Each structure stands twice: as C-alpha cells, then as structure tokens.
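Below: the structure, in structure tokens.
Derivation of every value follows stated rules applied to the coordinates shown; laboratory data play no part. Just so you know, these numbers come straight off a predicted model, no measurement behind them. So basically every Cβ, Gly included, is an ideal-geometry build from the backbone, and we count neighbours across all protein chains shown.
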Amino acid sequence: MTDKSSTKKFAGTNSAAPSGDGRIEISNVTKIYDPGGVNVCAVSDCSFDIEAGEFCVVVGPSGCGKTTLLNAIAGFHSISDGEIRLDGDVLCSATKMAEPGADRMVVFQNGALFPWCTVLKNVMYGPSVQGRMTSHQARAAALDILRELGLSEIGDAYPNEISSGMRRRVEIARALINDPKALLLDEPFRALDALTKGVAQEFLLQAYDRMKKTVFFITHDLEEALFLGTKVVIMTTRPCRVRKMITVDLPRPRTYKVRSSKRYLELKREVFDAVHEEALKAFKAGERELA
Amino acid sequence: MEYDPASESAPDISGRGRSRGFSALRYKFENLFKSRDLYLGLFGIIAFVGTWHLLTGVLTLPRFEKLPNPVAVLTEFTSRHPVFGTSIYAPQYYLHILWSVWRIIEAFFLATLLGVPIGLFMGWKKVFKDYTFPILEMLRPIPVLAWVPLAILMWPGREAPIIFLAFLASFFATILNTLLGVESIDESYFRAARCLGSRPRHIFFRVVIPGALPFIFTGLQIGMGVAWFSLVAAEMLSGEYGLGYLVWDSYVLIQYPVIIIAMVTMGVTGFLFSLLIRMVGNALMRWTVREAT
Ligand SMILES: Nc1ncnc2c1ncn2[C@@H]1O[C@H](COP(=O)(O)OP(=O)(O)O)[C@@H](O)[C@H]1O
Ligand SMILES: [Mg+2]
C-alpha cells in the first residue's frame, strides 16, 4: 500500500488502466447544432492543446460554445468536424462520438451528486460500478479520499444536508477517486457566494497540486481563471474559437495572497483587455444569456 | 496489522444513521402534542360533528330529517347488542372490514407489481413508451364504472371482477406516475452516471429507480385512493361482504346509522393505508426526509 512511486495518486486509488498523461489536442473542431433546420454554429474551427497535467481555464462570453466543447470531450454529444485526441488516440471526430468514461471525469455546472446516495456512497459509486474494486475496497478507498480532502465528517450525510460549497468538494472527490486522466469542470463554482467560492477554489488547487491531473475548467470569472489556471484560453463570441492564450506564470502552490501580487495584476489587465472587446461584441450581437 | 478504515467506520456509519432516523421520529411525536395543529384539528372535527348533530338531531331541517344523527350512530356503534347488527362488538363488522382490506391488498399489490415495472420500463426505453403510451392514454380516462360489464363478462365468480376493477384504476395511476418519475430525473444524473463508468443495468438500478421513487410513491398514494373508490363501487354492485356492500345493504334495509358507520370506517381504513404507504416511502427515501434539528 505504501508505494512511493504513486505519490501523485491518493492512497485509495488504484485504477486497472495505468493513468496516462492526459494530453488533450483539440484540432479544427466545429460543432453545428441543427434545431428545427436552423443551423447554429456553436464552435467553429477551434484548435488548441492542453498539455498533460496542465490546468487549462477556458473563458469566454456566455453562449459562446464553451460547454459545447466540454460536452464533446466528455462524450455527451458529437462534433460536426475536426477531431479531439486524448494522449494521441482519437476521442471524437466528425464520424465518431466519444464514449463517456472514467478517464474524463466531469463536474457539472449545477452539480450532479446523486441526492439518493450518502456522500460516501456517491464517492464509492465510480469504483464499484466499474468493477475494479469490491464494495469493501471501494468503501475503504472512498473513506481514504474523503479523509485526505478533509471531508470525512460528512460521509454519512445526504447531499441535501450539506452546504453547496461542500457539495462541490464532494463532487470533485467523487471524480478524483477514479484516477481520471483529465478533469472537466463546467463553471463548477458559479452558484457559490464569494466567500465559499474562495474556499472551494483553494480546495481545488490543493487537490490539483497533489494529483497534477489535466484540468479543463470553464468559467466566465476572470479572477477565478487567473487564480486557478496555468493557461487561460480566451474564446471569441459565437462561433467559438481561440482569441488569445495567456500563460499564467504565478508560482504554485497558490493561496489567496497571490491575488495581490504585482504579476497577478499585470496578467489581470492583459486578460481583461482581451475579454472586454469580445464581451462588447457579444453584447452588441444581443446574445441571450445562457446558463 | 495494517490500518483498515473500512472495518472501523462501517458499523459506526450505519449505526449513526439508524439512531438519527429514530430520534427524528421521536422528536416529531413529542412535538405533535406541543403544537397547535393537533388541537386545531381536533376542534375542527368536534365542530363538524356538532353541526351535524344540530342539523339532524336538534333542528331536524327538511333536507336532513332522514339522515341518522351522530348520537344514534355512536349508540349503535358502541352497543353490545346493536339494533342493526353492526358495532365494535359484532364479528360481522370486522368480517366486512377484512373482506375489503383483503381485496384492496390484492388489487393494490397487483397494480404495484405490474404498474411500477411497466412505468419504469416506459421511461427507460423510448421505443417501449412509443408503443404503449397511446394505449395507456386512451384507456386511462375511461371511468372504472364503465368497465363493470366487461369485468363481469371477463372474470369468473364474484371476487375476481371486484378485484379487477379496484386493480384497474390503481394500475393506471401507478404506471403514469412512475413514468413521470423517470422523466423527471435530471439529465445530468444520467450523464454523471455514464461518466463514472456505469453500464446500462447500473443506470437502471442506481439512477432510474431511486430517481423515480418520489413520484412512484405519489403514484402509489393516488393508486390507493382510486383503488378504494373502485372497490366500494364494485362491492355495491356485487358482493356479500365488504364495506361497500355494507353501505348499500344498509340503505336497502333502511338501517341508516350503519351507512355512516361503514363510511367512517372506509375513511379511517383508507387513511391508515395511505399513512402506511407514506411511512414505507419515507423509510426508503431517507434523503428526502430532512432532519429535524
Ligand atoms: N442542444 C442545443 N441545440 C441547439 N443549440 C444549442 C444547444 N446547446 C447549445 N446551443 C447553442 O450553442 C451556443 C453555445 O452554447 P454553450 O456551449 O452552452 O455556451 P457556453 O457554455 O459558452 O455559455 C449557444 O448559442 C446555444 O444557443
Ligand atoms: Mg455553459
């Protein structure tokens, strides 16, 4: 159990498939929705790469197609053109839809902890349905990960008995126990108040520093993007493509104090300039606010 | 020995869960007597019976003169030698209750056993729903009483048609609510389940069923209500035992207080069944029961 080579993993996780690097390549992806014969081009010829273990934050105006991109990676819907690769293997292309799987764990915008399962059962869910652990082992692993993330107190509570900030943390724990290659988060802290959000962000950073998984994180909060990300990808208004990429060279591990550093303020300025123009365009185009 | 967190905390967790459920129940019970609701409810019942007595026993207004007054009903009900043979001391009375209860149980269990899986399957497989939903929506609005002739033609004897009629109404309510329950499950739970590596059977047993459970139990409550409704109608038409039969028989024999006794008994029995379903539901759906703290 005390294998020194697996320090990146949590104690309880031992997936059957060896965890790969988790490099995601998005090449020339186009997605056209076709509701009732009206073509809506949500993503158009979008390309960028996410390095293995990189914390990539995608920002862009509402309705620009960020969720569309994430859903394509997760395997919830198809793309119209281009391809997305994970560690060199084609995940999805114009002719192939990705299968959802435990190598790409999604944390949903509105949260999707099963309300009918206790926190512990939620965290155990992945390992036990994948059949790679007995239920006894899954329970032990879940207890381990909850303890490491400081959540052991609430193991037998139901999701509606804990705060929304706690729920987001549990959902992240439920994802991490599967030892995924990549973690996909779609505006996970959107509904949290400012204080809870700060704590939840630090929680995610701690988990990231420990696991070094590839992270694909969507937000429209620029401060959040800078605080969390290694790379910030700024999207254009619909159709979605990359407008600008900024490398956030702030040192890790980061705490809230980083937000008052000089470098942070410089980067913030750079990002705001780039985003402001896009926001203005989106506003003029009268884009409906989308969740 | 390696430290094994599972062996240590497993019993702890289940134990805490159970005591929490129990203490919540005791808390509720203790508060019942402290709260105003109970006394207001009692007052409502007393006022209702008082008005009834005033109308039928004291004033004997024209439209109410034939109705039995509460004193006569209570006298009959508590008498050791009841004039019309129906009281808490008469074995006959309990026989009627038992017959009705037994029929309800048969009809309701049949409806649940068939209705819940069909409803789950309709919500789970689109193709199955496409085949079955139009038939369901065509048959469902037909009042149960319209089924009486067919029920008698179709089923032999006296018992089977009665149970069939009680079953039918309950069956449709159960299917429909179960189906709605499955359709009410948020898409993101299905996505999360697939993401976590579920196979179809996992999604069915771990997402579809628990997700639909609140609606299923609403459906069972409604199903129990309509089963009583149809049962009484069926017992009035044909039968020699049962509360519905008792109501009708007492009317024919001009034993009016017995009508009221049978009616109140139906009300109380129906309420108890409803309560039972709710309790089973709450026990199965611990996540919807908020802790009383
Ligand atoms: N299922 C769908 N059918 C048709 N259009 C859609 C659908 N989902 C999203 N869209 C459209 O695609 C665009 C991008 O949506 P989305 O990816 O959710 O944006 P974001 O997450 O960046 O706010 C929006 O303009 C939206 O109207
Ligand atoms: Mg979105």
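Can you work out the FRET efficiency for the pair B:ILE254 and B:VAL49, with r the C-beta to C-beta distance and R0 = 25 Å, to the nearest 0.05?
For R0 = 25 Å, the calculated efficiency reads 0.60.
Simple spin-label model, 7 Å along Cα-to-Cβ: A:ASP81 to B:LEU98 in nm?
My value for the distance between the label points is 7.9 nm.
Find how many whole Å separate the alpha carbon centroid of segment A:142-197 from the alpha carbon centroid of segment A:18-97.
25
For the pair B:LEU153 and B:VAL71, what calculated FRET efficiency results from E = 1/(1 + (r/R0)^6), where r is the Cβ-Cβ distance and R0 = 51 Å, to the nearest 0.05?
So the FRET efficiency works out to roughly 0.65.
Working out 0.36 nm times the residue gap between A:ILE32 and A:LYS284, then minus their Cα-Cα distance, what length gain in nm do you get to one decimal?
On the way: separation 252, 0.36 × 252 = 90.72 nm, distance 2.21 nm.
Fully extending the segment from A:ILE32 to A:LYS284 adds 88.5 nm.
Note down the magnitude of the dipole of the protein assembly as shown about its Cα centre, charges +1 on Lys and Arg C-beta and -1 on Asp and Glu C-beta and zero elsewhere, to the nearest 20 debye.
620
Taking chain A as a Gaussian network, Cα atoms linked when under 10 Å apart, which of A:ALA74, A:ALA191, A:ALA207 shows the biggest mean-square fluctuation?
Largest GNM mean-square fluctuation: A:ALA191.
Taking segment A:96-127, which trypsin sites (Lys or Arg not before Pro) meet the DSSP loop condition and have no more than 15 other C-beta atoms within 10 Å?
Those satisfying the criteria are A:LYS96.
For the protein assembly as shown, list log₁₀ I(q)/I(0) at each q in 0.06, 0.09, 0.13 Å⁻¹, using the Debye formula over Cα point scatterers of equal strength and ignoring solvent, two decimals each.
Result of the Debye calculation: -0.47, -0.85, -1.31.
May I ask for the longest run of chain B untouched by GluC sites (Glu not before Pro) that are loop-located per DSSP and have at most 14 neighbouring C-beta atoms (other than their own) within 10 Å? Before the final figure, lay out each step's value.
Details: sites that count: B:GLU2, B:GLU65, B:GLU240, B:GLU291.
Longest run free of exposed loop sites: B:66-239.
Between the helical axis of B:91-124 and the dominant principal axis of chain B, each derived from Cα atoms, what acute angle in degrees is found, rounded to the nearest 10?
Around 30 degrees separate the two axes.
Quick query: amide H of A:ALA157 versus all other amide H atoms, modeled in the peptide plane; which residues come in under 5 Å with a sequence gap of 5 or more or a different chain?
Counting only residues 5 or more places away or on other chains, the set is A:VAL119, A:LEU120.
Just to be sure I understand: of the beta bridges DSSP finds with both ends in segment A:3-290, what percent are antiparallel, rounded to 5?
Counting DSSP beta bridges with both partners in segment A:3-290, the antiparallel share is about 50 percent.
What ranking of A:THR236, A:THR255, B:THR75 emerges when the number of other C-beta atoms within 10 Å of each C-beta is taken as an exposure proxy, fewest first? Provide the component values of the computation, followed by the final result.
Values: A:THR236 21, A:THR255 11, B:THR75 14.
Fewest to most other Cβ atoms nearby, the residues stand as A:THR255, B:THR75, A:THR236.
Write out the chymotrypsin sites (Phe, Trp or Tyr not before Pro) in segment B:79-129 meeting two conditions: DSSP loop, and at most 14 other Cβ atoms within 10 Å of their Cβ.
B:TYR89
Taking loop as defined by DSSP and a crowding limit of 14 other beta carbons within 10 Å, which trypsin sites (Lys or Arg not before Pro) in segment B:125-200 fit?
Of the trypsin sites (Lys or Arg not before Pro), the ones in loops of segment B:125-200 whose Cβ has at most 14 other Cβ atoms within 10 Å are B:LYS125, B:ARG158.
Pop the C-beta distance of B:ASP186 and B:GLU30 into the FRET formula with R0 = 41 Å and round what comes out to the nearest 0.05.
0.65
Could you please report the charge total around B:PHE190, scoring K, R as +1 and D, E as -1 over all other residues with beta-carbon less than 15 angstrom from its beta-carbon?
+3
Which net charge results when you count Lys and Arg as +1 and Asp and Glu as -1 among the other residues whose beta-carbon is under 10 Å from that of A:ARG259?
+2
Using the Karplus equation 6.51 cos²θ - 1.76 cosθ + 1.60 (θ = phi - 60°), what ³J(HN,Hα) coupling, rounded to whole Hz, does each residue of segment A:207-222 give in order, writing x for Gly and Pro?
Once rounded to whole Hz, the list reads 4, 5, 4, 7, 9, 6, 7, 5, 10, 10, 10, 9, 7, 10, 9, 5.
Measure nothing but the geometry: give the 0 to 90° angle between the long axis through the Cα atoms of A:135-148 and the longest principal axis through the Cα atoms of chain A, rounded to 10°.
70
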